[in-house]
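Contents: one structure, followed by commentary.
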Amino acid sequence: ALGAAAGRCRPLPARSLGAAAPGCLWAPLRPPGRGEPPRAGGGGPRKWVVGAGGGEEEEEEDEGEEEDEDEAEPEELLGPSPLAMGPGAQRVAVVHPAVKWGPKKPQLTTAELQIAEAVALVDTLQNWTILDKIIIPTKTPDKKFVFGKGNFQVLTEKIKKLPHLTAVFLNVERISSLTKKELEDAWGVKVFDRYIVVLHIFRCNARTKEAKLQIALAEIPLLRSNLKNEVSQLDQQRGGSRYIMGSGETFMETQNRLLKEKELKIRYALEKLRRKRSILRNQRKKCEFPIISVMGYTNCGKTTLIKALTGEAGLQPKDQLFATLDITAHAGYLPSHMPVIYVDTIGFLSDLPHNLVESFSATLEEVAYSDLIVHVRDITHPETILQKASVLSVLKNLNLPSHLLESMVEVHNKVDLIERYKPEENAVAISALRGHGLEELKEEIEKRILKATGKKILTVKVNLEGAQLSWLYKQATVQEVEVTPEDGTASVKVIISNSAFGRYQKLFPNSKLFIP
Ligand SMILES: Nc1nc2c(ncn2[C@@H]2O[C@H](COP(=O)(O)OP(=O)(O)OP(=O)(O)O)[C@@H](O)[C@H]2O)c(=O)[nH]1
Ligand SMILES: [Mg+2]
């Protein structure tokens, strides 16, 4: 069952974006104190709680909606792990095939760094032990045995010597089922690729219905290739393909049909969740809170940053890859007290097979509806440039509106770890952990949010006897009202859309304005 394989699979206190609260999704439970900008890390009464339900895992999203009788539960669709890892401990050798020359030689990284990432992936799985880390050169990573003859022999000898080894983690995107079988026969243990290991981590960390369904979808190709292996083994044993009695279908055909049906069920359930989300999206639009998606490579500090920006104590950053798997939303304030929603997202990883990313694209699709993307980078990571490139390339493939990519804020995080950080022109330097640079970051976010949403912040002088103030309350967001009793006027600070501002000027041509 889900999470059985890792002791670290603690439920995260996440509120899924898909979880609906009746009425306005982002209902503020307590408005912020005027003139009291939220401080980082504090919690307390400034916090707005997203949604009213407050339920944690598996919030009931179906309230008020007809239950679809055919709809399967995600657990049912997820089924037992097709990774055949079982719940038990694994003792693994991490093997990295290093391509040293030719067009396949990776840029911006080294074999040592790449194997370090593979080790970090395994380290997130609590009862997995690494027995050895082996970097071994190859010229032919695409060939059946991945390695040349000589190196393969050397590797096989090394592997065979490892005591009580249960699996080899071959640090490549994906191996074909044929290669997997050949290698498993040669080494006598299971062989995993990045796809399988990452999926396994996802399984352990998934909490919401949607994440579970997306994992189930990502597992379909694995089930399909397992099936191929099984059938070819059966055929070898008994010769020829057999028909299931009376059905006219071979075993392979039946299994394939079942898989296809399962895939359709998953897609249907995901589609249903998505439709529900589009309703939420409309509700959210009505509330008019700008949405900021916080994105970046896994472990760069996205959750830590959102925690610092919102003071939400429940967020749990972890020194672990893929700690966050569900998109969650958290409310915070910009310097002018404008409430905004920060969306925490799943981290990126290089060399992830395309269909794994694709399975999660429904979640990431939500990003398209945000007003701004904040790209967080762990600037201390030795592969930070490679990480940036891989994040940008995934973002490009998500078909986001171009203005979102153009207005993106780049954040250099963890600068507290660098002795002499040299600021770069197009990035905001921060330490999410220590709270450095957050005010500058919020200023920058506010600037871009105002631009993206076509709004401005200004102070207008109104006559309290006239209709200006009530007009502003209706047509804009009034932030502060400072009354001067002596002359019956007030200074009103508002966030106003460009179009409403145009109308205001027409209606009240003599009104005094102060634009900061
Ligand atoms: N020194 C330092 N460590 C930080 C900073 N920001 C985050 N970290 C650490 O980096 C690790 C990862 O932080 P998270 O916030 O969980 O990272 P994430 O990007 O949400 O990671 P995933 O959800 O796994 O993709 C944690 O151990 C944090 O304490 C920082 O500014 N300075
Ligand atoms: Mg996170």
Q) How many nm is it between the label spots at Lys276 and Thr484, if each spot is 7 Å from the Cα in line with the beta carbon? A) 5.4
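Say the cut-off is 28 Å between C-alpha atoms; which of Lys209/Lys474; Lys396/Lys447; Lys139/Lys180; Lys447/Lys512 go over it? List each step's numbers first, then the result.
Details: Lys209/Lys474 39 Å; Lys396/Lys447 24 Å; Lys139/Lys180 19 Å; Lys447/Lys512 23 Å.
From Lys209/Lys474; Lys396/Lys447; Lys139/Lys180; Lys447/Lys512, over 28 Å: Lys209/Lys474.
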Q. Stretched out fully, how many nm does the piece from Lys474 to Gln153 gain, at 0.36 nm a residue minus the Cα gap?
A. 107.9 nm
(Q) Can you give me the long-range amide H partners of Ala427? Hydrogens built in the peptide plane at 1.01 Å from N, cutoff under 5 Å, separation of 5 or more residues or another chain. (A) none
**Q.** Estimated vicinal HN-Hα couplings, Hz - segment 491-498 in sequence order (Karplus 6.51, -1.76, 1.60; Gly, Pro = x)
**A.** 8, 10, 9, 10, 9, 9, 6, 4
Q. For segment 347-489, rounded, prolate or oblate, judged on the Cα gyration tensor with a ≥ b ≥ c (square roots of eigenvalues), a/c < 1.5 rounded, else prolate if a/b > b/c?
A. oblate
**Q.** Listed pairs Lys144/Lys388; Lys160/Lys190; Lys133/Lys228 exceeding 23 Å between Cα atoms
**A.** Lys144/Lys388; Lys133/Lys228
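Would you please report the Å³ per residue occupied by the convex hull of the alpha carbon atoms in segment 97-186?
On the way: hull volume 9.4 nm³, N = 90.
It is 105 Å³ per residue.
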Q: Could you size up the charge dipole of segment 382-504 around its Cα centre, putting +1 on the beta carbon of Lys and Arg and -1 on that of Asp and Glu, and report it in debye to the nearest 20?
A: 460
Q) What are the residues whose amide H is under 5 Å from the amide H of Ala98, where those residues sit 5 or more places off or on another chain and H is modelled from the backbone? A) Ile136, Thr138
Q: Starting from the amide H of Ile130, placed 1.01 Å from N in the peptide plane, find each other amide H under 5 Å away whose residue is 5 or more places distant or on another chain.
A: Val92
Q) Between Leu258 and Ala186, what is the label-to-label distance in nm when each label sits 7 Å out along the Cα-to-Cβ direction? A) 3.3
Q: Would you kindly state how much longer the chain becomes between Gln505 and Leu405 on full extension, computed as 0.36 nm times their sequence separation minus their alpha carbon distance, in nm to one decimal?
A: 32.7 nm
Q) For segment 85-191, with only Lys/Arg (+1) and Asp/Glu (-1) charged at the beta-carbon, what is the dipole magnitude about the Cα centre, in debye rounded to 20? A) 360
(Q) Just to check I understand the Karplus step: with θ = phi - 60° and J = 6.51 cos²θ - 1.76 cosθ + 1.60, what whole-Hz values come out for segment 452-469, glycine and proline as x? (A) 5, 9, x, 10, 9, 10, 8, 10, 10, 8, 10, 8, 5, 7, x, 8, 4, 4
(Q) Spelling out what I want: for every residue of segment 142-154, take phi, set θ = phi - 60°, compute 6.51 cos²θ - 1.76 cosθ + 1.60 (Karplus), and round to whole Hz; glycine and proline get x. (A) 8, 6, 4, 8, 6, 10, x, 4, x, 5, 5, 5, 4
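Residue separation times 0.36 nm, minus the C-alpha to C-alpha distance between Ala427 and Ala313: what's the value? Write down the numbers at each step before the final one.
Numbers: separation 114, 0.36 × 114 = 41.04 nm, distance 2.70 nm.
Value of the extension gain: 38.3 nm.
Rounded to two decimal places and with Rh computed the Kirkwood way over Cα pairs, what is Rg over Rh for segment 409-516?
Working: Rg = 19.1 Å, Rh = 16.3 Å.
Using only Cα positions, Rg/Rh for segment 409-516 is 1.17.
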Q. Cα centroids of segment 422-486 and segment 384-410: how far apart, whole angstrom?
A. 27
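Sorted by accessible area (1.4 Å probe), largest first, how do Met408, Met338 line up? Don't jump to the answer; show the numbers that get you there.
Values: Met408 35, Met338 10 Å².
Heavy-atom accessible area, descending, gives Met408, Met338.
Shape of segment 300-416 from its Cα gyration tensor (a ≥ b ≥ c, root eigenvalues): rounded if a/c is under 1.5, otherwise prolate when a/b > b/c, or oblate?
Values: a/c = 1.44, a/b = 1.21, b/c = 1.19.
Verdict is rounded for segment 300-416.
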Q) If ligands, DNA and RNA are left out, what is the accessible area of Ser293 with a 1.4 Å probe, given in Å² to the nearest 10? A) 0
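The values are calculated or read from the model by the stated rules, or taken from the named source; none is laboratory data. In this text the structure is predicted, and so the values were computed from the model without any measurement. With ideal geometry, Cβ positions are generated from the backbone for all residues, glycine too; neighbour counts draw on all protein chains shown. In case anyone asks, the SASA skips ligands and DNA or RNA and just uses the protein heavy atoms, side chains included. Shrake-Rupley method; radii C 1.70, N 1.55, O 1.52, S 1.80 Å.
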